[in-house]
Amino acid sequence: MAMAPMITFGRAFAAPNAGGRLLVIFLRGAYDALNIVIPTCTDFYYEARPTISLAKPDPHDPKTPAQLDSEWSLHPALRQSILPLWQKRQIAFIPFAGSNDVSRSHFEAQDTIEMGQQVAQRRDYTSGFMARLAGVTERQGASIAFTDQLPLCFRGSGSPVPNLALVNVGKPVNPRQAQLIESMYQSHAGLAQSVKEGFQVRDMAFQMLDEEMKASGRGAVTSKGFQLAAQRMGMLMRSHYNLAFVDVGGWDTHVNQGGLTGTLADRIGDFGQGLVAFAGAIGPEAWRTTTVVVVSEFGRTFRENGAKGTDHGHGSIYWVLGGGVAGGRIAGEQVALSPQTLNEGRDLPVLTDYRGLIGGLAMQQFGLNTSQIGKLFPGAPPTNLRLL
């Protein structure tokens, strides 16, 4: 038999609880936040980026950034997607955010984010922060990773978590084939049950998405990667899952990243449309109690490099959006940008620890107490930015 089983884990049909939903989106590769949420108020930005900077906002020119407040502006590729959320006060941006990992290594920094542990201590690769969140909220059965493999952030959950990539959801496995595959694992009771539940998750997803495709008709469902996956995520989270994680790659822009147009502009434009697709698919009622947090392993250098790109940095700009988010503002501690205030003279400092940020959101979203937050993010007190 040529096919291999897709093993997923956990209860497939647990309904979301009343506390709402949390989706964490990881932009792997370290996106250049400063060309997306842009400090257009400072000449230092234009001096540091002579070829990739974006023009100052001009209300009469839609090809310029959209002004958010007196200091920050939004890339024009997000005018049709994210700007309306800002205007409805359903998204906030948190600059100077990140972790205290200073390795500038994608792999180490990504692991740091997913584990959510104190950097100075020994790393425990069997304990991810999403798994701990599922534990303290008792929502293991309502958790899912929209990924090919179970990510590090969901390792260590008391109840195994399903993972399912949604860009190419295959057809349900033939019942006879499924039975044969399941029989291969009968000698291991726990694994046999996991395989069986994996098929249930796959079949349920295919049935839901196939029915939606037929109902929409005439190509209404986009074929773009993240946009399509995000729409499918919304449909599944609307009725089945409280906690979810997805990663989006391709953000390591060392060479020719572009400004108004180019690689970064294209990717962030698609990403913005994907978030809109997610909000539409999850529906207005569920959207009101859904929080989406967009993170990345680190930021990029404030100055452009010799290849018209940017290199590995430190602080980034995170996003928090949802129907119940107190948005329309730049949140968190900030500092005036200058050569003197940059971290090591090259990139944004981290003033908002991502663990405190997510811990504060989880505390509000799920009604957690300080003891539970201490288990979720040891050594990182919650930060209340009044976003929920």
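Quick look at the numbers
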item: Gap separating the Cα centres of segment 44-107 and segment 286-357, nearest whole Å; result: 10 Å
item: Where N is the number of residues in segment 23-145, Cα Rg divided by 2.2 N^0.38 Å; result: 1.35
item: For L166, L85, order by how many other beta-carbon atoms lie within 10 Å, fewest first; result: L166, L85
item: Segment 28-36 - phi-based ³J(HN,Hα) in whole Hz, Karplus 6.51/-1.76/1.60, Gly and Pro as x; result: 7, x, 6, 6, 7, 4, 6, 9, 10
item: Residue order, fewest to most beta carbons within 10 Å, for H240, H314, H254, H106; result: H254, H106, H240, H314
item: Cleavage-rule hits, GluC sites (Glu not before Pro), segment 293-388, DSSP coil, Cβ neighbours within 10 Å at most 12; result: E344
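Coordinate-derived values only; no laboratory data. It should be emphasised that the depicted structure is a prediction, and the values quoted were computed from it without experimental measurement. Neighbour counts run over all protein chains shown; Cβ positions are idealised from the backbone, glycine included.
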